[in-house]
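Just so it is clear, none of the values below were taken in a lab; they were calculated from the coordinates. Every value quoted in this text rests on a predicted model; they were computed, and no experiment measured them. Here the Cβ positions follow ideal geometry from the backbone for every residue, glycine too, while neighbour counts run over all protein chains shown.
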Amino acid sequence: MSKDPNDAVDFIFKTAPEYAKAKAERIQLQEFRKSMKSLIMAKHLDKPLGAQEREAYAADEYQQLLKGLAVAVEKEAHLEWQLEAAKMRVEIWKVKEYSDRKIEKITM
């Protein structure tokens, strides 16, 4: 990313929808995890509740969902920190501009 604050703002504007989508995917997977656990437990109604839960957590489809959730969290976090870095670049530019104006006033 260049040092131009306009590029940072453009990056934020361009990346915000991708970040929103990543966050929505993460939340959807997080919530579906509960549904999947219930669906798997329902396949084992002949067992005690604790055994149903154990079967759900051990199921391949539940494990795959957790892997997908990990990918979604990683993507969201990556985008979040890229956006945060772009915001920091704008803040750094603002402070530098302020300092330059102060120095200019002092030296005139």
Exercise. What is the Cα centroid distance between segment 87-104 and segment 11-49, reported in whole angstrom?
Worked result: 42
For this session: Express the relative contact order of the chain as a whole percentage, based on alpha carbon pairs under 8 Å and six or more residues apart in sequence.
Result: 41
Exercise. Where Lys and Arg each count +1 and Asp and Glu each count -1, what net charge lies around residue 53 among other residues with Cβ under 10 Å from its Cβ?
Worked result: +2
Seminar exercise, completed: For residue 74, the net charge from surrounding residues (Cβ-Cβ under 13 Å; K, R +1; D, E -1) works out to +1
For this session: Convert 25 °C to kelvin, take the viscosity as 0.890 mPa s, use the Kirkwood radius over C-alpha pairs of segment 5-107 as Rh, and evaluate the Stokes-Einstein diffusion coefficient in µm²/s, rounded to a whole number.
Result: 144
Exercise. If you add up the charges near residue 8, with Lys and Arg at +1 and Asp and Glu at -1, over every other residue whose beta carbon is less than 10 angstrom from its beta carbon, what do you get?
Worked result: -1
Seminar exercise, completed: When 101, 54 are arranged by how many other beta-carbons sit within 10 Å of their Cβ, fewest first, they go 101, 54
